[in-house]
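The structure appears right after this line, and notes come after that.
What follows is calculated from the coordinates using simple rules that are stated; it is not laboratory data. These figures come from a predicted structure and were not determined experimentally. Here the Cβ is made from the backbone with ideal geometry for all residues, glycine too, and neighbour counts use every protein chain on show.
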Amino acid sequence: MSELVLRALREGEVDLFESLPDPGLVGLAAFGQRYGTMAQEGEYRPEWTWVALREGRVVARAAWWGGPSDDAPRTLDWLDFTDPDAAVALLRAAPFRAEYSLTVPVDWRDHPEVRTAAQDRADVARRCGMRLLVERLQYVWTPSAGVPDRPGRLRLRAEPEDAAILDALRRIFVDALDAGIRRDVERLGAAGAAVEELAFLKWLPGPREWWRLAYAPSGDLAGLVVPSRNYAGPQVGFVGVVPQQRGNGYGYELLVECTHLLVAAGAERITATTDTTNVPMAAAFATAGYPVTRHRMLLGYP
């Protein structure tokens, strides 16, 4: 077998990256997105895009994504191959250890060819030392769903002080259902996890003044909501309720407030995600008019 060449993409080699034959059953391509278009819009950088070549032909490709100001990629979200061994070699050769976000259709398990394509990619990631961290659902609100009515029980207040936000996050993180939060708490403790979450929320390009602390009728803190944006458009950045106020439907109410604020700011499409195991939040999205549009598997290094 001829030698395998593993390298980063060079400027002007988009056609080379796109030359790999792939049916587009999973990944971003399954939703009509093209690497070339996204790269032209600044979503990908050549140095964070790698190919495996055999006799000048692409047999595996991978692209890592990061924000405009990031020094290292945040996620691997493009991985295709005709040779799984070459894909393993490619991921091992590239100097990145970001989580792999494998996006699949909501009904991916119902279609054998889609299920196989997803499992093949997950197998390559596992051979490189990754493991499944969590499965998540993506939701999208559009005006056709209507803006949900405000229940009106909570009093929301803008909070410019990071110390107050950190205190709310520390409290919300106690027994949180979100798998990523639980991992961060195990790794860093509640205080450290709150610092990391705050840094992420501030990294998002949405305005800081949109953030709101929420208070119950009793005057006690109920939770935090962060309407925001990612680099593609408006999103629900964070919704969390403190343990003492859970079970009152406040998560739904915070989501409604988030929707109202983003719509008032001109949003015509709002994205959001939650773990497949977070049943209360999934119910809130359904009630607020956010249908499920994508399923994601997150795999990462221990």
Relative contact order as a percentage, the chain, C-alpha pairs under 8 Å and 6+ apart, gives 21
Of the candidate values (1) 38, 19, 18; (2) 43, 24, 15; (3) 43, 24, 18, the one computed for semi-axes √(5λ) of the Cα gyration tensor in Å from this structure is (1)
Computed ³J(HN,Hα) along segment 79-88: with the Karplus parameters 6.51/-1.76/1.60, θ = phi - 60°, integer Hz and x for glycine or proline, the list is 8, 9, 6, 9, 10, x, 5, 5, 5, 4
A chain fully extended from A145 to L132 at 0.36 nm per residue, minus the present Cα-Cα distance, gains in nm 1.4 nm
To the nearest 0.05, the calculated FRET efficiency linking E55 and R296 through their beta-carbon distance, R0 being 41 Å, is 0.75
So R34 and D22, fully extended at 0.36 nm per residue minus their Cα-Cα distance, gain in nm 3.1 nm
Karplus ³J(HN,Hα) for segment 109-122 (6.51 cos²θ - 1.76 cosθ + 1.60, θ = phi - 60°; Hz, whole; x = Gly/Pro) runs 6, 8, 10, x, 5, 6, 4, 5, 4, 5, 5, 4, 5, 5
Note, segment 273-278: 3J(HN,Hα) by Karplus (6.51, -1.76, 1.60, θ = phi - 60°), whole Hz, Gly/Pro = x, goes 9, 7, 5, 5, 8, 8
In nanometres, the difference between 0.36 nm per residue of separation and the alpha-carbon distance of A93 and R153 is 16.2 nm
For segment 143-300, using Cα atoms only, the Rg and Dmax in Å read 14.7, 42
Residues whose modelled amide H sits under 5 Å from the amide H of V134, counting only those 5 or more places away in sequence or on another chain, are L298
Among trypsin sites (Lys or Arg not before Pro) in segment 182-281, those in a DSSP loop whose Cβ has at most 13 other Cβ atoms within 10 Å are R269
Placing each pseudo-label 7 Å from Cα in the direction of the beta carbon, S2 and L166 end up separated by a distance in nanometres of 5.7
Quick calc, D83 & W203: beta-carbon distance into FRET formula, R0 45 Å, rounding 0.05, result 0.80
Sorted by chain and number, the residues with a modelled amide H under 5 Å from that of G289, at a separation of 5 or more or across chains, are none
Per its Cα gyration tensor (rounded if a/c is under 1.5, else prolate when a/b beats b/c, else oblate), segment 90-191 is best filed as oblate
Taking a ≥ b ≥ c as the square roots of the eigenvalues of the Cα gyration tensor, with a/c under 1.5 meaning rounded and otherwise prolate when a/b exceeds b/c and oblate if not, segment 4-129 is rounded
By the Cα gyration tensor axes a ≥ b ≥ c (a/c under 1.5 gives rounded; else a/b larger than b/c gives prolate, otherwise oblate), the shape of segment 240-302 is oblate
